[in-house]
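Here the structure comes first, spelled out in structure tokens, and everything after it is commentary.
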Amino acid sequence: MWDHADHYAGMDGRAIGFVSLALGATEALAPDLAQKGLGLPRSAELAGIFRVLGIRELLHGFGLLTSNEDRRSEQAAICARVAGDALDTAILAWFATRTRRPWRFALIASLVGAIGLIDVVQAGRLQR
């Protein structure tokens, strides 16, 4: 029998995968844009951090998009994203001490938090 919850959970996983690809491409290919958006000073060190985060995000996206109908594979991919969200939160806390635009930073950090919440909810759905 066709399970509606599984079908919609899979659609959510693919959508999250596409979000990961977009975020990862931005961080990896345009770290200066990410630094500017967060109000951070431009530096090679920060650009390197963003590139590494972008590559990690791209891998999460590919993992979600290639999990297809395999629930275990999708669970592993979304749980890896949740772990990445924890890392992002720690790095954002460090960036918060360096921002020159606190309001813009707060807006972007809240969006990152919302994406993290979506990931946690999706992980919970897949655990059922």
* To do: Run the quick spin-label model on residue 15 and residue 106: label points 7 Å from Cα toward the beta carbon, then report their separation in nm to one decimal.
  => 2.8 nm
* Asked: So what's the back-of-envelope 222 nm ellipticity for the chain, counting only DSSP H runs of four-plus at -39500 (n - 2.57) apiece and dividing by all residues, rounded to 500?
  -> -29000 deg cm²/dmol
* Structure fact -> For the residue 117, residue 45 Cβ pair and Förster radius 22 Å, calculated FRET efficiency rounded to 0.05 is 0.15
* Once the Cα atoms of helix 102-127 and of the chain are each reduced to a long axis, what angle between those two axes, in degrees from 0 to 90 to the nearest 10, is obtained? -> 20 degrees
* What net charge is computed for the residues neighbouring residue 33, neighbours being all others with C-beta under 15 Å from the C-beta of residue 33, Lys and Arg scored +1, Asp and Glu -1? -> +2
* Output the direction-averaged projected area (hull surface divided by four) of the convex hull of the alpha-carbon atoms of the chain, in nm². => 7.4 nm²
* Asked: With the chain treated as a Gaussian network of Cα nodes joined by springs under 10 Å, which of 51, 14, 104 yields the largest mean-square fluctuation?
  -> 104
* Structure fact -> The helix 44-65 Cα axis meets the longest alpha-carbon principal axis of the chain at an angle in degrees, between 0 and 90 and rounded to 10, of 10 degrees
* **GluC sites (Glu not before Pro) restricted to DSSP loop in segment 31-128 with at most 14 other C-beta within 10 Å** => 69
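Coordinate-derived values only; no laboratory data. As the structure is a computational prediction, the values presented were derived from the model and not from experiment. A quick note on method: Cβ atoms are made from the backbone with ideal geometry, for glycine too, and the neighbour counts reach across all protein chains shown.
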